[in-house]
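> This is the structure, below, for whatever I ask next.
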Amino acid sequence: MEANDVMRELIRWYIKSRLVVYAAVLISLLGAFLMGYAVSSPPSYAAEVEASIKSFEASISGMSYLAASLARFASLLGTVWISYIPIAGLWYAAYAMVNLGVIAAIPAIGYGGVASAIAVMIAMFFPVAEGLMLGFTLVLRALKKNVPSRFVRYIWTQYVVAIVISLVLLGLLSAGA
């Protein structure tokens with residue numbers, strides 16, 4: 001087989017595998033969110049979360065729109081940055097979705113909290129899935145399988161694009177809040 005034929009076959013495999021990985025990641029994140037949503041939290045926890053949200057909103061209320069949006073963005077990024085790590089990101093993203101589910105179930109948070117949690121899940125979805133694909137490819141490469149460097153660069157590029165998409169989505173979420 002020629003090098004271009006191998007690359008075409010690998011990209012075809014990648015596209016097929018990516019659909020399966022996307023479905024698995026989506027189901028796991030949605031399941032983690034629903035599991036957290038099903039947990040009934042004690043009233044003291046609900047009051048603590050509500051006080052924390054009010055405290056954060058009060059701390060940025062005197063800021064300009066741009067500064068408040070940047071503070072929200074930094075806060076969001078500070079909680080989800082670990083999900084950008086290949087393979088380990090899925091574990092952390094699922095953990096974060098359980099926590100978001102617990103918080104979204106608090107009546108004082110309301111539907112806005114659920115919508116924000118789903119928006120954060122969508123923003124984390126792409127880098128987690130692409131990170132899994134990158135991690136699996138690097139593992140295959142480490143096991144001395146015949147994985148061309150061009151293919152690893154291709155998947156690395158897809159991963160970086162997914163992170164950029166995620167950062168843009170988080171930026172839009174923090175600016176619209």
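> Being of a type in the set (Gly, Ala, Ser), surrounded by fewer than 11 Cβ atoms within 10 Å (Cβ to Cβ) and more than 17 Å from the chain's Cα centre (by Cα) narrows it down to one residue among SER64, SER52, SER59; which is it?
Result of the check over SER64, SER52, SER59: SER64.
> Which of the residues belonging to segment 19-47 are among the β-branched types (Val, Ile, Thr), within 14 Å of the chain's Cα centre (by Cα) and open to solvent by 80 Å² or more (accessible area, probe 1.4 Å)?
Correct list: ILE27 only.
> Something else about it: Any idea which of ALA142, ALA96, ALA129 is within 30 Å of ILE11 (Cα to Cα), surrounded by 17 or more Cβ atoms within 10 Å (Cβ to Cβ), small (Gly, Ala, Ser) and modelled with pLDDT of 80 or more?
ALA129
> Just wondering, is there one or more residues in segment 104-112 that are buried (at least 16 other Cβ atoms within 10 Å of the Cβ), aromatic (Phe, Trp, Tyr) and in a helix (DSSP H, G or I)?
no
> Here are the criteria: (1) open to solvent by 40 Å² or more (accessible area, probe 1.4 Å); (2) within 23 Å of LYS16 (Cβ to Cβ); (3) in contact (Cβ under 8 Å) with a residue 60 or more places away in the chain. Tell me which single one ARG153 does not satisfy.
(3)
> Which count do you get for residues in segment 124-164 that are of a type outside the set (A, V, I, L, M, F, W, C) and in contact with a Gly (Cβ under 7 Å, 6 or more places away or on another chain)?
3
> Further question: If you go through segment 38-81 one residue at a time, how many are of a type in the set (Phe, Trp, Tyr), within 24 Å of ALA94 (Cβ to Cβ) and modelled with pLDDT of 85 or more?
Summing the residues that are of a type in the set (Phe, Trp, Tyr), within 24 Å of ALA94 (Cβ to Cβ) and modelled with pLDDT of 85 or more in segment 38-81 gives 2.
> In addition: LEU170 - would you say it is open to solvent by less than 10 Å² (accessible area, probe 1.4 Å), part of a helix (DSSP H, G or I), out of contact with any Ser or Thr (no Cβ under 9 Å at 6 or more places or on another chain) and modelled with pLDDT of 85 or more?
yes
> What is the number of the single condition among (1) touching a helix residue (DSSP H, G or I) at 6+ places or on another chain (Cβ under 9 Å); (2) part of a helix (DSSP H, G or I); (3) closer than 25 Å to SER174 by Cα; (4) among the aliphatic types (A, V, I, L, M) that LEU10 does not meet?
If we test LEU10 against (1) touching a helix residue (DSSP H, G or I) at 6+ places or on another chain (Cβ under 9 Å); (2) part of a helix (DSSP H, G or I); (3) closer than 25 Å to SER174 by Cα; (4) among the aliphatic types (A, V, I, L, M), just (3) comes out false.
Here's the yes/no breakdown for (1) free of Cβ contacts under 8 Å to residues at least 60 places away in the same chain; (2) farther than 23 Å from ALA175 by Cβ; (3) not in a helix (DSSP H, G or I):
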position: GLY36; (1), (2), (3): no, yes, no
position: GLU48; (1), (2), (3): yes, yes, no
position: ALA51; (1), (2), (3): yes, yes, no
position: GLU57; (1), (2), (3): yes, no, no
position: SER69; (1), (2), (3): no, no, no
position: ALA74; (1), (2), (3): yes, no, no
position: VAL80; (1), (2), (3): no, no, no
position: TYR95; (1), (2), (3): no, yes, no
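The values are calculated or read from the model by the stated rules, or taken from the named source; none is laboratory data. Bear in mind the structure is a predicted one, so any value in this text is a computation, not a measurement. Please note: Cβ atoms are built from the backbone with ideal geometry, for glycine as well, and neighbour counts cover all protein chains shown. In case anyone asks, the SASA skips ligands and DNA or RNA and just uses the protein heavy atoms, side chains included. Shrake-Rupley method; radii C 1.70, N 1.55, O 1.52, S 1.80 Å.
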